[in-house]
1. With 10 Å bins from zero, work out the P(r) of the range 29-70 over every alpha carbon pair and list the percent per bin.
2. What 222 nm value per residue comes from the helices of the chain, counting each DSSP H run with n ≥ 4 as -39,500 (n - 2.57) and dividing by all residues, nearest 500 deg cm²/dmol?
3. I want to verify the translational diffusion coefficient of the chain in µm²/s; compute it with Stokes-Einstein, Rh as the Kirkwood radius over Cα pairs, at 4 °C and 1.567 mPa s.
4. Sorted by packing (mean other beta-carbon atoms within 10 Å per residue), highest first, where do 57-69, 74-86 land?
5. Between residue 39 and residue 4, what length in nm is gained on full extension when 0.36 nm per residue of separation is reduced by their alpha carbon distance?
Amino acid sequence: MRLLTRSDIQRTISMRDAVEILKRAFAELSTGRANVPPRIVLPQTKYDGVTLVMPGYLFDSEALAVKVVSVHNRNPARNLPLIHALV
């Protein structure tokens, strides 16, 4: 597994190339060459929050990714970001 920071990605790929890669990924999805199950929802009601887990796999390129997003509605009042995410 390789974890990349925002700056790692910005140094590695241009926005133009990223858009082209996304076009290909959405084409694979729309033609059934991807496995993207429904997202998993993990509520944290005690903290007025939710975490969403979204996996995806592209058959042709064998690309695998997981996106994890947490949204905590009370965070802005604590000077914290509303949303934290990792792909």
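1. Going out from 0 Å in 10 Å bins, the range 29-70 shows 28, 40, 22, 10, 0 percent.
2. Rounded to the nearest 500, it is -8000 deg cm²/dmol.
3. In µm²/s, the coefficient rounds to 86.
4. Values: 57-69: 13.1, 74-86: 10.5.
The packing order, highest mean first, is 57-69, 74-86.
5. The span from residue 39 to residue 4 would gain 10.4 nm if fully extended.
FYI, it's all coordinate maths here, none of it is from the lab. Small disclaimer: the values here were computed from a predicted structure and weren't measured. Here Cβ is always computed from backbone atoms with ideal geometry, including for glycine, and neighbour counts include all displayed protein chains.
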